[in-house]
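Colleague: Okay, handing you the structure first.
The values are calculated or read from the model by the stated rules, or taken from the named source; none is laboratory data. Just so it is clear, the structure is predicted and the values come from calculations on it, not from any experiment. Here the Cβ positions follow ideal geometry from the backbone for every residue, glycine too, while neighbour counts run over all protein chains shown. In case anyone asks, the SASA skips ligands and DNA or RNA and just uses the protein heavy atoms, side chains included. Shrake-Rupley method; radii C 1.70, N 1.55, O 1.52, S 1.80 Å.
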Amino acid sequence: MWAFTVVHELPYDDPERLRARLRIRYPIRADLALGGGELPNLRLQRALATPGRVGVLDRALAIVHWTWFAEPHSALLWILLRRHHRFAHAARQMAAAYDIGCAVYFLVPTAPPWWAAENGYIEDELARLGSPAAGAEAEAETLRLRRLMVEAGEEVWGGAWPGLYRALGGNPWAAMPSLHFATSLLASILLAESAPGAGAVGFGYAAALALALVYLGEHYAIDLIAGAALVVAVRFGEPLVEPAALRFSDALQRLERIANG
C-alpha cells in the first residue's frame, strides 16, 4: 500500500503538466447517461444526506472509505495464513490490479466528481446539455455536490484531519478506474475462492464501499464500472501470463542465490 500511494502520486509531481492532459467532462456525461439525466452522486446525496450538516450515515460511510487502505492487504494476509497454497495466485492478481490502475492514472488522468463540482464543471455540463434542473433557481442547491468524506473527516478527526488528508490525499486526478472498488471486489472474489464465509464478508464490504464512493462524491459510477472491468481483465489475463511470471520469478531467485553464495 505504501508503494501504491507513492506511485499513484508520481504524475502529480508536475501538476501543471498533468492538468494539461486532465479529462473532466467524459465521466460527467457517462454518469448523466447512467443516471437518466441526473448524476448518481447528486441523486444519492439528495435522498440520503442532511443539508448543512454531517449525519450518522455520512460518518459511517466515510469510515468504510478509510478502512479501504487496509482491506485488500488484510484479505491477502488472511489467504496467506489460512489458505497458503492460494496466496501466490491471489497476490499476482492483486498486484496486477494496482499496477494496471496506476498506469491508467498516468495515461488518462481523470478528475473525480468532487473536483469537477468545486471547479464548476458539473453545473457547466448540466447547463450545456440543457438539463431542466440547471436552470431552476429553486433547485440550485441540488447542483452543489458536497465532498462528504472531507466534511466527515473534519468532524471526526478535528485538528488531526489536515495532516491525515495531506498524507493520504495524493493525486486528486487519479479517479478512473476506481482502484478502491476494483481491489475490494477482487479481494472478495479471492476470499470467496478460499472460503465462502470470508467471501460473503468481502462482498458485503465491497457493496458498502461502492455506495460510499458514489455517495460521498469521491467517484462517479462509471469509475466503479471501469474498476469492475479491470477485475474481469485481471481474472482472465493472469492465467495467461502466469508461466512468464513464474519464469521471471525463478530467474530472480537464481540471481539472489548467486549473490548470496
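Colleague: Enumerate the helices (runs of 4 or more DSSP H) found wholly within region 138-251, keeping only those where 3 or more residues are open to solvent by 20 Å² or more (accessible area, probe 1.4 Å), at pLDDT below 95 and more than 29 Å from Ala88 (Cβ to Cβ). Walk me through how you get there before you give the answer.
Modeller: On the way: elements: 148-157, 161-169, 179-194, 196-215.
Fully inside region 138-251 and qualifying: 148-157, 161-169.
Colleague: Here's something else I'd like to know. Got a number for residues in region 175-205 being under 30 Å from Arg25 (Cα atoms) and not hydroxyl-bearing (Ser, Thr, Tyr)? Let's see the steps before the verdict.
Modeller: Initially, region 175-205 is screened for residues under 30 Å from Arg25 (Cα atoms), giving 175-186, 205.
With the extra rule that they be not hydroxyl-bearing (Ser, Thr, Tyr), the set shrinks to 175-177, 179-182, 185-186.
So the answer is 9.
Colleague: Being open to solvent by 50 Å² or more (accessible area, probe 1.4 Å), over 23 Å from Val214 (Cα atoms) and free of Cβ contacts under 8 Å to residues at least 12 places away in the same chain, is that true of even one residue in region 20-33? Can you show your working first?
Modeller: Quick first cut of region 20-33, residues open to solvent by 50 Å² or more (accessible area, probe 1.4 Å) only: 20-21, 23, 25-26, 29, 33.
Cutting the leftovers down to over 23 Å from Val214 (Cα atoms) gives us 20-21.
Those still in the list that are free of Cβ contacts under 8 Å to residues at least 12 places away in the same chain too: 20.
Within region 20-33, one or more residues are open to solvent by 50 Å² or more (accessible area, probe 1.4 Å), over 23 Å from Val214 (Cα atoms) and free of Cβ contacts under 8 Å to residues at least 12 places away in the same chain.
Colleague: Go through region 80-128 and report how many residues are closer than 16 Å to Ala245 by Cα and open to solvent by 50 Å² or more (accessible area, probe 1.4 Å).
Modeller: Number satisfying all stated conditions: 7.
Colleague: Which ranges mark the helices (runs of 4 or more DSSP H) fully within region 47-107 that have 2 or more residues being farther than 18 Å from Gly217 by Cβ, at pLDDT 90 or above and touching a helix residue (DSSP H, G or I) at 6+ places or on another chain (Cβ under 9 Å)? Reasoning before the result, please.
Modeller: On the way: elements: 56-66, 71-82, 87-107.
Counting at least 2 such residues, we get 71-82, 87-107.
Colleague: Residue pairs, Cβ under 6 Å, 6 or more apart or interchain, first in region 79-108 and among the aromatic types (Phe, Trp, Tyr), second open to solvent by 50 Å² or more (accessible area, probe 1.4 Å). List them.
Modeller: Pairs found: Phe87/Leu80.
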